Amino acid sequence: APYCYYTNKDAAVGIVTTIDVGGGTTDVYVSDGRLKDGVTNDGLLLSFRCASNAIFGDGYNNQISNNGFVLKYRHIFENELSNDPELSNALKTIAMKGKSSELISFFFSLASTGKPGLDFMQKLVEDQKIKYVFLVFYSAIIYHVAQTMKAKGIGKPQTVAFSGNGSRTLQVISQNHEIQAEFVKTIFENVYG
């Protein structure tokens, strides 16, 4: 679906790589757009377990107390919500379940309230130290995709498109699409030599 969307919307041509970052898996589809027997030629289908839960989840020990995002931002949101009993109770209820990914999802959902100080994405964008987490996360994903494509004898893509809820955090690295593109391009060019 992401491939069809980008090729139809943006008229992406040549080798197109779509990277769909979800909660549990990252799914990749690579195609050169050529048709073979009336069907698009698939260059690569790939799925791996490195996605949003890798950074927003509880890790291997399943303990919310070890998640750095929860440790850093939970008290901030508790303070911001102290005058809103309904949202404050929702935060406490979700936190009692003991799943970091659910608490982080709640943090992201607070932006829809429109209340100042509740935009979690903006907090991440403004936090210079947090950028490193996302640089490593996306570098690992892009590097793995590039290495796999090269190993399969597929040329460098002309278009790399991200989709999925997890990919929204790409803006933590930069909200400038040109900088994002340069970041992806640099990794692909280094892998391909």
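The values are calculated or read from the model by the stated rules, or taken from the named source; none is laboratory data. This structure is a prediction, so every number in the text was calculated from the model and none was measured. Here the Cβ is made from the backbone with ideal geometry for all residues, glycine too, and neighbour counts use every protein chain on show. Just the protein is used for accessible areas: all its heavy atoms, side chains included, with ligands, DNA and RNA removed. Shrake-Rupley method; radii C 1.70, N 1.55, O 1.52, S 1.80 Å.
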Next on the checklist: Angle check, please: helix 177-192 long axis (alpha carbons) against the longest principal axis of the chain (alpha carbons), in degrees 0 to 90, nearest 10.
Outcome noted: 50 degrees
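Can you give the Rg to Rh ratio of the chain, both from alpha-carbon atoms, with Rh computed by the Kirkwood formula?
With Rg and the Kirkwood Rh in hand, the quotient comes to 1.04.
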Checklist entry - Each label point is 7 Å from the Cα along the Cα-to-Cβ direction; what then is the distance between the points at F108 and N165, in nm? => result 0.5 nm
Checklist outcome for this item: Check: C-alpha center segment 56-77 vs C-alpha center segment 119-193, spacing in Å is 23 Å
Checklist outcome for this item: The size of the Cβ-based charge dipole (Lys, Arg +1; Asp, Glu -1) of segment 89-193 about the Cα centre, to the nearest 20 debye, is 320 debye
Checklist entry - Gain in length, E126 to T186, computed as 0.36 nm per residue apart minus the alpha-carbon separation, to one decimal in nm? => result 19.2 nm
Next on the checklist: Taking the 0 to 90 degree range and rounding to the nearest ten, how far is the long axis of helix 68-80 tilted relative to the main principal axis of the chain, both from C-alpha atoms?
Outcome noted: 50 degrees
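Calculate what fraction, in whole %, of the accessible area of segment 44-182 sits on carbon and sulfur atoms when a 1.4 Å probe is rolled over the protein chains. Mind dumping the intermediate values first?
Values: 4130 of 7910 Å².
Carbon and sulfur atoms account for 52 percent of the accessible area of segment 44-182.
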Item to check | Accessible area in square angstrom per residue, the chain, 1.4 angstrom probe | outcome: 56 Å²
Next on the checklist: Modelling each spin label as a point 7 Å along the Cα-to-Cβ direction, I'd like the H144/D84 distance in nm, to one decimal.
Outcome noted: 3.5 nm
Checklist entry - Taking θ as phi - 60°, what are the ³J(HN,Hα) couplings along segment 102-110 by the Karplus curve (6.51, -1.76, 1.60), each to the nearest whole Hz, with x for Gly and Pro? => result 6, 5, 5, 4, 4, 4, 4, 5, 5
Checklist entry - Using modelled amide H (1.01 Å from N, peptide plane; none on Pro or chain starts), what sits under 5 Å from the amide H of S163, excluding residues fewer than 5 places away? => result I19, D20, V21
Checklist outcome for this item: Amide H contacts under 5 Å for L81, restricted to residues at least 5 apart in sequence or on another chain and with H modeled in the peptide plane, are none
Checklist entry - Calculated from DSSP H runs of 4 or more alone, at -39500 (n - 2.57) each and per residue, what is the 222 nm mean residue ellipticity of the chain, nearest 500? => result -15000 deg cm²/dmol
Next on the checklist: Between 0 and 90 degrees, rounded to the nearest ten: what's the tilt of helix 85-97 against the longest Cα principal axis of the chain?
Outcome noted: 70 degrees
